[in-house]
Structure formats: structure tokens, C-alpha cells
Amino acid sequence: METKDFDTYSERTAFDETKEGVKGLVDAHITEIPRIFRVPQGTLSDKKPSVSASDPTIPIIDFADVHVSRERIVEKIKDAAGNWGFFQVINYGVPLNVLEEIQEGVRRFFEQDLEVKKSYFTRDAAKRFVYNSNFDLYSSSLCVGWRDSFACYMAPDPPNPEELPVVSMIFVKNFLVFLCLVVEHLNQEFESDHPLQNYDADGYE
């Protein structure tokens with residue numbers, strides 16, 4: 001029988017201070033999910049998502065025809081960026097093997113030596129590369145998500161290669177190539193110049 005009155009802040013802090021994240025729990029072969037990850041009983045009245053066919057969908061930008069209908073693509077990016085703040089890009093010319101390398105780069109980061117990985121653990125938003133478990137660890141009210149994440153902030157100033165984990169360099173390089181492509185299209189619409197537009201991704205070898 002689970003008790004509702006436990007010190008969730010202390011337990012979250014103890015978890016955070018290990019710097020091992022959810023993967024650390026898995027590697028420790030725990031036999032019970034810690035309470036901070038469990039939704040209190042009776043909290044969810046309806047477990048089914050309330051999504052219907054009429055709900056808005058995430059804007060999709062198709063780069064397949066960018067060379068023949070550049071203005072239309074730029075207009076779609078402008079609309080999605082201005083009204084949504086995010087969008088999905090398809091047919092952007094990145095080969096499947098590169099996408100697989102990006103996924104492998106992410107996997108290598110989380111599978112690397114624990115002490116090396118811990119050196120990147122931070123909640124300092126000013127860092128260019130951030131690894132932690134649950135960015136909202138101390139602000140989520142009900143429970144903590146079963147996830148570990150890393151973020152690499154590429155704009156307005158991309159990080160120096162030496163700030164990044166060696167095992168994830170291919171991930172950063174290929175993401176930067178893609179980001180530069182999007183920035184180039186946005187710059188054409190806004191007639192602005194962004195430092196990423198002419199950034200050399202080859203520096204992330």
C-alpha cells in the first residue's frame with residue numbers, strides 16, 4: 001500500500017545528486033519503481049488521450065521541391081515558425097545512414113563511461129551542452145518522467161567542439177548541417193543574417 005505523504009523534494013534531490021539518471025536505476029537492476037516516478041493513485045480519471053481527427057496537426061515542411069518552389073517553402077517556414085514555434089521537416093536530403101549515425105551518437109553518449117557522462121550533468125541553462133534527467137524535475141507536480149536527456153544549444157552561438165562529448169560529435173555535426181539549411185531558408189524571408197548560415201560544420205569532426 002503506497003503512502004501519499006512522503007518528502008518528494010528530498011527524494012527528487014537524492015535522485016538528482018547521483019547524476020546517473022534513469023539509466024542508473026536500470027543499470028542498478030532495481031525491482032521497484034521509485035515513488036517519484038509514480039502517479040498517485042486516483043489522480044488520472046481518464047487514461048485515454050483526448051485527441052480527435054479535427055485537432056490541429058503539427059505543420060509539415062516538405063523540402064523535396066525546395067529548388068523549384070523556394071518561395072513557397074520559405075513562406076511555410078515563416079508561417080509555422082511565427083504561428084506555431086515549431087514544425088516537422090521531411091525530405092530534407094539527409095541520407096538514412098546519417099540518421100542512423102545520429103541515433104548511434106545519442107546511444108553512445110548514454111552508454112559511455114559513467115564518470116565521463118557525469119561530467120556533463122548540469123542544470124545550468126547557460127551551458128551549451130546539457131545532460132540531466134527531467135528538465136522539470138523540481139517543478140513537475142505529480143510525478144517525474146522516466147527519461148534522461150541531453151540538449152545542445154546551437155543558436156545564436158554554436159558551442160566550440162571541445163565543449164561537446166566526443167562520442168556524440170557525429171550527432172552534433174549532422175544536426176548542425178540540417179539547422180544551417182533551415183536557417184538559410186528563414187534568412188531569405190526575413191532578409192537577415194544569422195551566424196549559423198555560414199557556420200562550418202566540418203569543425204565538428
Inset, instruction - Sort the following peptides by mean Cβ neighbour count (other Cβ atoms within 10 Å, averaged over residues), highest first: 6-13, 129-136. - result: 129-136, 6-13
Inset, instruction - Kindly rank 149-156, 96-103 from highest to lowest mean number of other beta carbons found within 10 Å of each residue. - result: 149-156, 96-103
Inset, instruction - Could you state how much accessible area H29 has, in square angstrom rounded to the nearest 10, with a 1.4 Å probe and all protein chains kept in place? - result: 150 Å²
Legend entry - Cβ-based charge dipole, the range 105-172, positive-most Cα from Q112, L142, P161: L142
Inset, instruction - Could you point to the residue in H29, T57, V130 farthest towards the positive end of the range 13-171's charge dipole, with +1 and -1 charges on the Cβ of Lys/Arg and Asp/Glu respectively? - result: T57
Inset, instruction - Quick one: what are the phi-derived ³J(HN,Hα) couplings along the range 21-33, Karplus 6.51/-1.76/1.60 with θ = phi - 60°, whole Hz, x for glycine and proline? - result: x, 5, 4, x, 5, 5, 5, 7, 6, 4, 9, 9, 5
Inset, instruction - Kindly identify the range 94-152 as rounded, prolate or oblate by the Cα gyration tensor criterion: order the square roots of the eigenvalues as a ≥ b ≥ c, call it rounded if a/c is under 1.5, otherwise compare a/b with b/c, prolate if a/b is larger, else oblate. - result: prolate
Legend entry - Backbone HN-Hα couplings from phi across the range 130-146 [Karplus 6.51/-1.76/1.60, Hz, Gly and Pro as x]: 10, 10, 6, 10, 6, 4, 9, 3, 9, 10, 5, 7, 7, 7, 9, x, 7
Legend entry - Derived scalar couplings ³J(HN,Hα) [the range 92-106; Karplus, 6.51 cos²θ - 1.76 cosθ + 1.60; whole Hz; x for Gly, Pro]: 8, x, 8, x, 4, 5, 6, 4, 5, 5, 5, 4, 5, x, 5
Inset, instruction - Quick one: which residues, 5 or more positions from R38 or on another chain, have an amide H under 5 Å from its amide H? H modelled 1.01 Å from N in the peptide plane, none for Pro or chain starts. - result: V144
Legend entry - Residues with amide H under 5 Å from that of V89, placed H, sequence gap 5 or more: I61
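The values are calculated or read from the model by the stated rules, or taken from the named source; none is laboratory data. These figures come from a predicted structure and were not determined experimentally. Neighbour counts are summed over all protein chains in view; Cβ atoms, including those assigned to glycine, are modelled from backbone coordinates with ideal geometry. SASA here: full protein model, heavy atoms, side chains in, ligands and nucleic acids out. Shrake-Rupley method; radii C 1.70, N 1.55, O 1.52, S 1.80 Å.
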